[in-house]
Structures are given as C-alpha cells and as structure tokens.
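*Asks:* Would you mind keeping the following structure in view while I ask a few things?
The values are calculated or read from the model by the stated rules, or taken from the named source; none is laboratory data. Keep in mind it's a predicted model, so treat the numbers as computed, not measured. Please note: Cβ atoms are built from the backbone with ideal geometry, for glycine as well, and neighbour counts cover all protein chains shown. SASA here: full protein model, heavy atoms, side chains in, ligands and nucleic acids out. Shrake-Rupley method; radii C 1.70, N 1.55, O 1.52, S 1.80 Å.
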Amino acid sequence: MFINWQLRQINLKVVYYGPALSGKTTNLEQIHARIDPTRRSDLVSLKTYEDRTLYFDFLQLELGKINGLTPKIQLYTVPGQAFYEASRRLVLRGADGVVFVADSGSNRINDNVDSWQNMKKHLISLDLDSDHLPVIVQFNKQDLPNALPAAFLQNILNCQKYKSILSVANIGQGVFDTLKAIISGVVANIQSETM
Amino acid sequence: MVDQTGESTKIRLRGGLSLTVVQINQIQKSINRLMEIVPAQYILLVDTSGQLVTTAGDKSMIDSSILGSLIAADLAASQEIARLTGEFQEYQMILREGDRTNIIISEAGKHLAFLVLFSRETPIGWARKLIQNAAKEIGAFVVQPVVATQEEQISPTEGNLPGLFNDALDQLWKD
C-alpha cells in the first residue's frame, strides 16, 4: 500500500498467481472488458512470441473517493510457466493481496500443488507472511468435464483457511466475485493493521 | 510517513509507504531542479511497486500508471540480475539509449525509483552524476522524520472500509 497525501490517493497492489494456463490473464482480460474505460488503464501484457505471459500483465482500476482518498488498485499476473521462477518472485514484491488461480482440471493437480508451494516459498522470502496476507483461491475452469470439486482441491492444496471461489473465467463467471473478495480482504487487513 | 528506521510513525503499515504533502513537496523541488540542470524532458517518480508519486515535464500522451509499473519491473529485474551475478549495489541505474533521447532509470533509496528522459545531446556522464545526487537526496526525504498535519493524522482507514470498497467496485462493474 502506498498513500500519497498530495494526490490524495491510496494505492493497493493485488497479484494473480497460479500455474501456467490456469486463467490468470483471462481474469484481467474480463475485468478490463467490464470496467468503464475512463476508470481503468489499458491492459499491458509482456508476452512471448507464443502469446504466453513473459513477465506480467498489468491493469489499474480507479475507484470513487473513499474517506477523502481516491483508491487505485493495481492488478498484476505472474508468468505461470515453471521457467519464469525469478520473475514470479519479483512481481509478488509489495503485494497487498494475492489471488491464487487454480486449474480445476483433474490432470493439473500436480501443477496446482507445485505452484501453491512455490507461491508460499516466495511470500516467505519476501517477508509477506501468508498467514496474514489476504489470499483468495479461485478454482477456475469449473466447466471442464474433468473438473474436480472445490472440497477435493482444497484438501489437495491444504488451503481450507482461505476463502475460495468457483469460476469459469473465460465467460466472466466468478471473476468479479474474486476481485471483490480480495479487495475486501486487503482493506480489512489494512484496517486491522492501522487501528 | 516513514521514520529513519523505515517504520511508519503515523500509520502503522507492515509493508507500505505513506508520504506527507511536505515530503512530496521536497521531492518535487528536487525533481524540478533536476529537470532544469540536466536538462530533462520528463521525469516520473514511482514507489518500488510502480505506484505514481509525482512527475515533471509534459508527457500527457504517456499513461503514467502503465509506465510506472514498467519502471518498477525493469528496475526489479535489473536488481535481481545484479544480485545473481554478485554485482549488486545501491542506487542502481539502467541506461537506455535512443535516436533522439536517452532514458536513465534509477533507484531513489529503498522505497522509490524514477525515470529521467533527456536529449541525446546531453552527455550521459553529466546526467548520470546529477541523477545519482538527486536519487540520494530524494531517498533521504523519504526516511527523514516529518510532522504530519492534522489532516494527515486522520486515518483514511476508518469506517466500514470493506463495504465502502465493495460499493465502489459495484459502481464500476458492468455485466
């Protein structure tokens, strides 16, 4: 979080994390498509030639004034491919909250677990204690014929203590609920820290 | 506000940064002076996660929020490269040479980073030295103790904040 008293802005950073092709960029594309263009930035994607995320995607939202300050919410994704390990850690720096986008397909269990553990490791190395940092788990691609139920995925990831949301991000289902949940978590966390 | 230990003295933030109007005015003066003596065409100052602090010069065609995120990312990647190769140092700089203008991206202490765009006719060594001096000055402004005004002592996080944010998000969203 960064408060700029001169511009009267409160800036928050949320990172979408998860295995390759789980739908992180799709979440941002859906948000970009459904927000008034005057209240958001363009969607910036640093991609490879194969249209895969190389470094990050970025989108900024500007909310109406709250308590006299204008909230600006910066949304980032990390590159999901295993090769970009170092980049993922960099994008997590300064995060106020994380959305973990899991792929619900039964063939992606190991990828989800690896990515979850990888995220936890990076959060610890960045002094972002995942016991206090707001985390929302989104079980995406629930429309797949081999989609696993939420309870099973929660057990596999051992993430029962975090709020989880079912989604089909490519049609926008669950995307806004996830965004609202993580922002609620972030602001509640800030409130508890500053009271 | 951040004191000399890097801890917030007004609003307790674990990982955040709060800059008062006094601090930002000091930073702005330093940026304006740098603009004049380099001379630079444009300067953009962000925090290390890419959030806008202030600008100088006219680049109204540039989206400063996008540029800010890229400055932070560029610097973070460069720092990591330096760390992996054992060449990490404070006040790291990145130089990009263009046909008409050059760009230097520099850290300004632990919390801030800035981009300076200047003519190719300006000697790089001259610009580099001035930017390094300004970076140290700006970095010091952030960690110096500053008395917050009465207004700045009011917590912006009072009330039903999650509910207020939810309402604000609802107003933005169209199904």
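Rundown of residues vs (1) buried (at least 24 other Cβ atoms within 10 Å of the Cβ); (2) charged (D, E, K, R); (3) away from every other protein chain (no Cβ under 11 Å), yes/no style:
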residue: A:77; (1), (2), (3): yes, no, yes
residue: A:81; (1), (2), (3): no, no, yes
residue: A:89; (1), (2), (3): no, yes, no
residue: A:93; (1), (2), (3): no, yes, no
residue: A:99; (1), (2), (3): yes, no, yes
residue: A:105; (1), (2), (3): no, no, yes
residue: A:111; (1), (2), (3): no, yes, yes
residue: A:114; (1), (2), (3): no, yes, yes
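*Asks:* Out of region B:39-50, which residues are buried (at least 21 other Cβ atoms within 10 Å of the Cβ) and at negative phi?
*Replies:* B:40, B:43, B:44, B:45, B:46, B:47, B:48, B:49
*Asks:* Could you tell me which of the residues A:112, A:67, A:146, A:140 is touching a Gly at 6+ places or on another chain (Cβ under 9 Å), in contact (Cβ under 8 Å) with a residue 40 or more places away in the chain and more than 17 Å from residue A:178 (Cβ to Cβ)?
*Replies:* A:146
*Asks:* If I filter region B:147-169 for residues that are assigned to a loop (DSSP other than H, G, I, E, B), away from every other protein chain (no Cβ under 12 Å) and modelled with pLDDT under 90, do I get at least one hit?
*Replies:* Yes: one or more hits.
*Asks:* Here's another thing I want to ask about it. Within region A:93-126, restricting attention to residues that are of a type in the set (Val, Ile, Thr) and within 15 Å of the chain's Cα centre (by Cα), which residue is farthest from residue A:3 (Cα to Cα)?
*Replies:* A:101
*Asks:* Ok, one more. How many residues, within region B:51-62, are open to solvent by less than 20 Å² (accessible area, probe 1.4 Å) and either of a type outside the set (A, V, I, L, M, F, W, C) or modelled with pLDDT under 90 (or both)?
*Replies:* Qualifying residue count for the region: 2.
*Asks:* Just to verify a result, which residue in region A:147-195, among those that are open to solvent by 60 Å² or more (accessible area, probe 1.4 Å) and part of a loop (DSSP other than H, G, I, E, B), is nearest to the other protein chains (Cβ to nearest Cβ)?
*Replies:* A:195
*Asks:* Here's another thing I want to ask about it. Which of the residues spanning region B:116-146 are assigned to a loop (DSSP other than H, G, I, E, B), surrounded by fewer than 13 Cβ atoms within 10 Å (Cβ to Cβ) and at pLDDT 95 or above?
*Replies:* B:120, B:121, B:123
Let's see how each residue does on (1) at positive phi; (2) not β-branched (Val, Ile, Thr):
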residue	(1), (2)
B:63	no, yes
B:67	no, yes
B:70	no, yes
B:80	no, yes
B:91	yes, yes
B:96	no, yes
B:101	no, no
B:106	no, yes
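*Asks:* When you go through (1) touching a helix residue (DSSP H, G or I) at 6+ places or on another chain (Cβ under 7 Å); (2) in a helix (DSSP H, G or I); (3) of a type outside the set (Phe, Trp, Tyr) one by one for residue B:44, which number turns out not to apply?
*Replies:* The single condition residue B:44 does not satisfy is (2).
*Asks:* Still on this structure, please answer the following. Does residue A:189 satisfy being in contact with a helix residue (DSSP H, G or I) (Cβ under 6 Å, 6 or more places away or on another chain) and more than 20 Å from residue A:81 (Cβ to Cβ)?
*Replies:* no
*Asks:* I need a count of the residues in region A:52-67 that are within 9 Å of chain B (Cβ to nearest Cβ) and open to solvent by 30 Å² or more (accessible area, probe 1.4 Å).
*Replies:* Summing the residues that are within 9 Å of chain B (Cβ to nearest Cβ) and open to solvent by 30 Å² or more (accessible area, probe 1.4 Å) in region A:52-67 gives 4.
*Asks:* Show the residue pairs that are 6+ apart or on different chains and have beta-carbon atoms under 7 Å apart, the first residue being within region B:19-43 and within 18 Å of residue B:121 (Cβ to Cβ), the second being assigned to a loop (DSSP other than H, G, I, E, B).
*Replies:* B:35/B:57; B:38/B:122; B:40/B:57; B:41/B:57; B:42/B:57; B:42/B:59; B:43/B:57
*Asks:* Let me ask something else. Please pick out the residue among B:18, B:69, B:65 that is modelled with pLDDT under 95, facing chain A (nearest Cβ under 7 Å), farther than 20 Å from residue B:93 by Cα and in a helix (DSSP H, G or I).
*Replies:* B:65 is the lone residue from the list that is modelled with pLDDT under 95, facing chain A (nearest Cβ under 7 Å), farther than 20 Å from residue B:93 by Cα and in a helix (DSSP H, G or I).
*Asks:* While we're on this one: Run down B:124, B:94, B:103, B:131 and say which single residue is free of Cβ contacts under 8 Å to residues at least 60 places away in the same chain and closer than 21 Å to residue B:28 by Cα.
*Replies:* Matching residue, one of B:124, B:94, B:103, B:131: B:103.
*Asks:* Let me ask you something else. Restricting to region A:14-40, name every residue that is within 13 Å of another protein chain (Cβ to nearest Cβ) and open to solvent by less than 10 Å² (accessible area, probe 1.4 Å).
*Replies:* Result: A:14, A:15, A:28, A:31, A:35.
*Asks:* Among the residues in region A:115-130, are any at positive phi and of a type in the set (D, E, K, R)?
*Replies:* yes
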